[in-house]
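The values are calculated or read from the model by the stated rules, or taken from the named source; none is laboratory data. Since the structure is predicted, the reported quantities are computational estimates derived from the model, not experimental observations. Note that each Cβ is placed from the backbone with ideal geometry, even for glycine, and that neighbours are counted across all protein chains shown. Quick note on the areas: whole protein, heavy atoms, side chains included, nothing else; ligands and nucleic acids left out. Shrake-Rupley method; radii C 1.70, N 1.55, O 1.52, S 1.80 Å.
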Amino acid sequence: VQLQASGGGLVQAGGSLRLSCAASGSIDSINIMAWYRQAPGKQRELVAAIASGGSTNYAGSVKGRFTISRDGPKNTVYLQMNSLKSEDTAVYYCAANVEASLTVYWGQGTLVTVSS
């Protein structure tokens, strides 16, 4: 599984960005796709996840502001980020979970910077 993330950038507080993650390879094996983020000096944390059945899960800090969605069964996953805050500044990583092999694949990070 290969993941290509894009869409990061610089935005003012209160603004919006949409991140994209395109999956290729053995995409039928993916059961969950997710976005994580890592701010400077902090641990990587789960932002949002979407299962192959469509159920979603969000970190409390982004609930109501971010929306994870997908285009097609398992090809591309999006993270729509609205009402961005300075504390959302981080490198955002796309991840794909393959349950059968207990493997998590990671895309390259994309930097989101929110200026206050």
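Consider region 18-35 and keep the residues that are open to solvent by 30 Å² or more (accessible area, probe 1.4 Å) and under 13 Å from Ala49 (Cα atoms). The one that is nearest to the chain's Cα centre (by Cα) is Ile32. Exactly one residue among Leu46, Leu111 is within 18 Å of Leu3 (Cβ to Cβ) and over 10 Å from the mean Cα position of the chain (by Cα), and that residue is Leu111.
Rundown of residues vs (1) over 21 Å from Val114 (Cβ atoms); (2) assigned to a strand (DSSP E or B), yes/no style:
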site: Gln4; (1), (2): yes, yes
site: Gly15; (1), (2): no, no
site: Asn57; (1), (2): yes, yes
site: Gln80; (1), (2): no, yes
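The single condition from (1) of a type in the set (A, V, I, L, M); (2) in contact (Cβ under 8 Å) with a residue 40 or more places away in the chain; (3) open to solvent by 20 Å² or more (accessible area, probe 1.4 Å) that Val47 fails is (3).
Inside region 50-65, residues that are in contact (Cβ under 8 Å) with a residue 24 or more places away in the chain and open to solvent by 20 Å² or more (accessible area, probe 1.4 Å) make up a count of 1. Selection of region 59-78 for residues being closer than 23 Å to Val114 by Cα, touching a helix residue (DSSP H, G or I) at 6+ places or on another chain (Cβ under 9 Å) and of a type outside the set (Lys, Arg) yields Ser61, Val62, Phe66. Remark: pairs (first residue in region 83-107, closer than 17 Å to Gly9 by Cα; second residue open to solvent by 40 Å² or more (accessible area, probe 1.4 Å) and β-branched (Val, Ile, Thr); Cβ separation under 8 Å; 6+ apart in sequence or on different chains) = Thr89/Thr113. Identify the residue in region 100-116 that is over 22 Å from Pro40 (Cα atoms) and touching a helix residue (DSSP H, G or I) at 6+ places or on another chain (Cβ under 8 Å) and, among all such residues, is surrounded by the fewest Cβ atoms within 10 Å (Cβ to Cβ). Checking each candidate, the answer is Ala100.
Looking across region 17-44, the residues that are part of a loop (DSSP other than H, G, I, E, B) and either within 15 Å of Tyr105 (Cα to Cα) or in contact (Cβ under 8 Å) with a residue 60 or more places away in the chain (or both) come down to Gly25, Ser26, Ile30, Asn31, Arg44.
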